[in-house]
Each structure stands twice: as structure tokens, then as C-alpha cells.
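Read-outs throughout are calculated quantities, based only on the coordinates presented, and are distinct from any laboratory measurement. As the structure is a computational prediction, the values presented were derived from the model and not from experiment.
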Amino acid sequence: MAALFFFFDGQKPFASSEAVTRATIARFRNAFVTALLAALLPACAKAKYETPDYRVISSEGAFEIREYPSLTLVSTPMSRRGEDGSFMKLFRFISGKNDRSEKISMTTPVLMTGSESGTMSFVVPRVVAERGAPAPSSPDVTVSTVPAATYAAYRFSGSGKPAPSEAAAKKLLVWATSRHLHVTGTPLFAYYNPPWTPGFLRRNEVLVKVAPALKGSAAR
């Protein structure tokens, strides 16, 4: 089998032993992309992190109405997303910077009350919440309980940066209004993936609290 060697003269490659057809290049490119995805997808697959349970009351495409149980959150103020160390304050808490020096498992999603500033929160694992979460060692970190509530949710992929997140929040509010839902809170952003996950594999959500669903609504 003749070996194929490429040489480059500026930006124009040519084959030394045979002409390379466009079909050959296309096959090579497709094989490369397939191999890259095969290597990348397992690493970006959903990790075995605990996520909050919820009951889907109704769904319509990427929109859902959900019932969430009471959740325990560990939170810290966020003044400049990604620049003020808010994530690391929470990570240090679950890594043992608390009054019991207890290491706590990471959960998803990471919650934010604003796309750029507000509050960042981790959900405390269920077993830890049931026995009582440890007190934070840092005055910037607090533990609180959020009552059970009904939320409208919109799921979107792509970047979790402020602009796409705000656009998603607007879509959710327009949808909620069109369905005559009574919104009782401000948008809550939920991010499920580590930052190196490609945008098309990301699970991002925005949620708003709405008036409880009517009795007898069926779960889906």
C-alpha cells in the first residue's frame, strides 16, 4: 500500500505519491471527528453526582412545570461571576472547612440567583441534610433550607455565560405568561456540567417559582 505523505508550501498541501481526492479528505475528516467524539463523550457524560428529586407536573418541549421538595443549600454572595472566588468558598466548605471538618460530596446543579451577580449555591446531599449540615467556618458561607415549591423550568444547552442565560430566562418568562402561570419569584439559574464540557453537551436550566399546580395534576 502506497504511503501518503504531505508536504506544505505555505498553506497549500500536496501529496508526494498520489493525488488526494476531496472524498478521501472528507473521509479522513469524518473519521477524525468520530474518533475525537468517541474519546470526548465518555469524559463529558453525566457524572454520578446527586441531583435534587422533582416531580414533573407537565412538559412542553424544553419547558416543564416541576414540584421540588424542601432543599438544604449552602450559599455565598457572588459579586463577579467567575472572578470573586465564590465557587471556591463553597468548595472549601464541602472539602472540610466546616465545624465538623466533614467532607461532603459534590452535587449538581450549581445554582445562581443572577447570571453575573447574586448568590451562588450548592445543594447539600440528602443524607447530610437529613442529619443536619455542619456549620460553615467562613462567615461568607451560610446554610439554609428552601421550602418545597413549584417551578417553571426551561432547559437549554450551549454556553452558561450571562447573555445566553438571560436570553433563556426571557424565553421562560414569555412561556409562563402565555400559559397564564403566576410567577412569584425571580429567575434561578442551574448549571449541571463542569466548565470544560462542550456547549452542545451542556445541561443548563433556568427556573422561576410559580403558584402551585391545581390538585389532581398528573405527573409525566
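The phi-based Karplus calculation (6.51 cos²θ - 1.76 cosθ + 1.60; θ = phi - 60°) puts the 3J(HN,Hα) values of the stretch 96-110 at x, 7, 8, 5, 10, 6, 8, 8, 10, 5, 5, 10, 10, x, 7 Hz, whole numbers, x for Gly and Pro. Under 5 Å between amide hydrogens, built in the peptide plane, is the criterion, and for Glu50 it picks out Thr108 among residues at least 5 positions away or on other chains.
With θ taken as phi - 60° and the Karplus curve 6.51 cos²θ - 1.76 cosθ + 1.60 applied, the whole-hertz 3J(HN,Hα) list for the stretch 113-126 is 7, x, 6, 10, 9, x, 9, 10, 9, 10, 7, 6, x, 4 Hz, x standing for glycine and proline.
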